[in-house]
Amino acid sequence: MGREVFKKSADKMAMVNIAEVFPGKARILVADDNSDLRLTLCEYLESHNFMVTPARDGSEAINVLQSTRCNFEIVFTDLVMPPGPDGMEVLKIAKQFHPSSYVVVMTGYSSIETAIESIRRGAFDYLTKPFKLAQIDIIVNRILEYFAMLDDNKRLSAKLAVINERSTTIDSRLERIEFLLSSLVAKVPT
């Protein structure tokens, strides 16, 4: 199968600057029993400054997911990896051990049913082989942009909490001032 898994090499698309999203390198697990595809995808992602861990099959991918303390932000897994656990099992374990990771299921045996099932089980996307490396760029960019949005959301929520706290403090001070003023007005002879 070799490099023909990719229709042609990627267009020169710029990926999101991952340094803006992650303080360190983003971690990606690539699980595929096709060594040419796995190595090409690993090299391509490493050239975009990702920390990539390869897995030769479903069993190796599951072992890595269960034993790694570091979180994988993205997991690319082939759907069919004989003889052992398939991509659906890798997806299940990835979501169990790394719930914030985004799993992309890749397959040369695509069907509407497997696409729907993988998304239903929590896959971020479903990629049919052969694919272009530009499709990898698009998927990774969508995931990184989502991470950036989550980070912005956390930052803005924290700011909002501070503003709400200050507002509550100001409101309580205003209530106290109003109470004191009403007490003074009540004491002033008419």
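Computed from the coordinates by the stated procedures, all read-outs in this text should not be read as laboratory data. Since the model is a prediction, treat every value here as computed from it, not as a measurement. Cβ: placed from backbone, ideal geometry, glycine included. Neighbour counts: every protein chain shown.
For the list (1) touching a strand residue (DSSP E or B) at 6+ places or on another chain (Cβ under 9 Å); (2) assigned to a loop (DSSP other than H, G, I, E, B); (3) surrounded by fewer than 20 Cβ atoms within 10 Å (Cβ to Cβ), I need the number of the one condition that ARG69 fails.
Going through (1) touching a strand residue (DSSP E or B) at 6+ places or on another chain (Cβ under 9 Å); (2) assigned to a loop (DSSP other than H, G, I, E, B); (3) surrounded by fewer than 20 Cβ atoms within 10 Å (Cβ to Cβ) one by one, ARG69 breaks only (1).
If only one of SER100, SER111, SER118, SER59 is more than 15 Å from the chain's Cα centre (by Cα), surrounded by fewer than 15 Cβ atoms within 10 Å (Cβ to Cβ) and not basic (Lys, Arg), which one is it?
SER111
Go through (1) buried (at least 18 other Cβ atoms within 10 Å of the Cβ); (2) farther than 17 Å from VAL30 by Cα; (3) of a type outside the set (A, V, I, L, M) and name the single condition LYS129 misses.
Unmet for LYS129, out of (1) buried (at least 18 other Cβ atoms within 10 Å of the Cβ); (2) farther than 17 Å from VAL30 by Cα; (3) of a type outside the set (A, V, I, L, M): (2).
Which of the residues spanning the range 61-113 are of a type in the set (A, V, I, L, M), within 23 Å of ARG142 (Cβ to Cβ) and out of contact with any helix residue (DSSP H, G or I) (no Cβ under 9 Å at 6 or more places or on another chain)?
ILE112
Answer with yes or no whether GLU60 is of a type in the set (Asp, Glu) and in contact (Cβ under 8 Å) with a residue 12 or more places away in the chain.
yes
Quick grid of which residues meet (1) touching a residue at least 40 places away in the same chain (Cβ under 8 Å); (2) among the acidic types (Asp, Glu):
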{"position": "ASN34", "(1), (2)": "yes, no"}
{"position": "LEU41", "(1), (2)": "yes, no"}
{"position": "ASP86", "(1), (2)": "no, yes"}
{"position": "ILE93", "(1), (2)": "no, no"}
{"position": "SER118", "(1), (2)": "no, no"}
